[in-house]
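Just below is one structure, and these are the notes that go with it.
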Amino acid sequence: MKKFAGLGLAILIFIAAVHAYRWPVPEAAVRSGFATHPRQSFLRGLEYDNQGGRVQAVADGELLFYGNATALPGGFPVPDGSLLVVAHRQELLSVYTGLQLTPLEGLDAVIFEGDELGTGEPSSATVLPGFFFYDRQAAQYVNPLALLPLPADNRPPQLRSIQLRSGSLTIPVEQARNIAQGSYAVLIEAVDASPLAANLAPFSIQLLINGNEVQRYQYDAVRVTAAGLELASSPNQQNSPLFSADGRIDLGTYLLASGTNVINLVLRDFNNNRLERSWTITVQ
């Protein structure tokens, strides 16, 4: 079961309990994945561009909500102009936004896998349609890539940049040979080199400083709390904003003490492909 290597126990149990799901659109239509930052916020599902093609139910279920307007009575907004929710087994919801929905009279209360729920907006649309899984029992969004079938992939994630930031000072880590002692935020740009799409996040990001794990982001599920977004399997997140203002992944702020400091970064994807990098920094 290589795909789920490193998943938390609760998520493994959850995945084992549910039946297989199908893609709502062809895999090639995916543009951005869970935990990316396409609209200056943490994406809790997938965005896709199927150029106005059919969007299908991912599994059997019951129609729970249908909203095909910009707002509901009372003024409550409808995300991206439309919202359709299907309830499945194990308290799991599949959520579809931004579609030209099939007329309500054309849908039954019982939804079957493969039923057409609507069509995607044309590729010229400013907002792409979205798809989400929501676990009602745990009150969290589940990464769709944990439940949908994935293509074979033997390529490790890619690290595009890693920086240290302190106030207005930003230093690329590969250039940080001698720096002043102090607290620095560790910011990275990283993607999963998956055949699915260019804008997918790695499944997990592990940061070690001087051999000690100081941060681990695991993108299996996320919940919304009063303090902000909380990764379900990342106890060291400590209310990190997850992203910096300029869209980089924010791994937290750490004191780099005088002497030699070694920074290690480990990236993994859902197929357990792994990239590990290391840097040695002298702090004055």
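Here are the numbers for this structure:
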{"read-out": "Kirkwood hydrodynamic radius of segment 158-283, Cα pairs, Å", "value": "15.1"}
{"read-out": "q = 0.19 Å⁻¹: log10 I(q)/I(0) that the Debye formula gives for segment 95-230, counting C-alpha atoms only", "value": "-1.34"}
{"read-out": "Ellipticity estimate at 222 nm from DSSP helix runs (n ≥ 4, -39,500 (n - 2.57)) divided over the chain, nearest 500", "value": "-1000 deg cm²/dmol"}
{"read-out": "Computed label-point distance, nm, for sites ARG160 and GLN100 using a 7 Å Cα→Cβ extension", "value": "3.2"}
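Values in this text are rule-based calculations from the coordinates and carry no lab data. The structure displayed is predicted, hence computed values, not measured ones. So basically every Cβ, Gly included, is an ideal-geometry build from the backbone, and we count neighbours across all protein chains shown.
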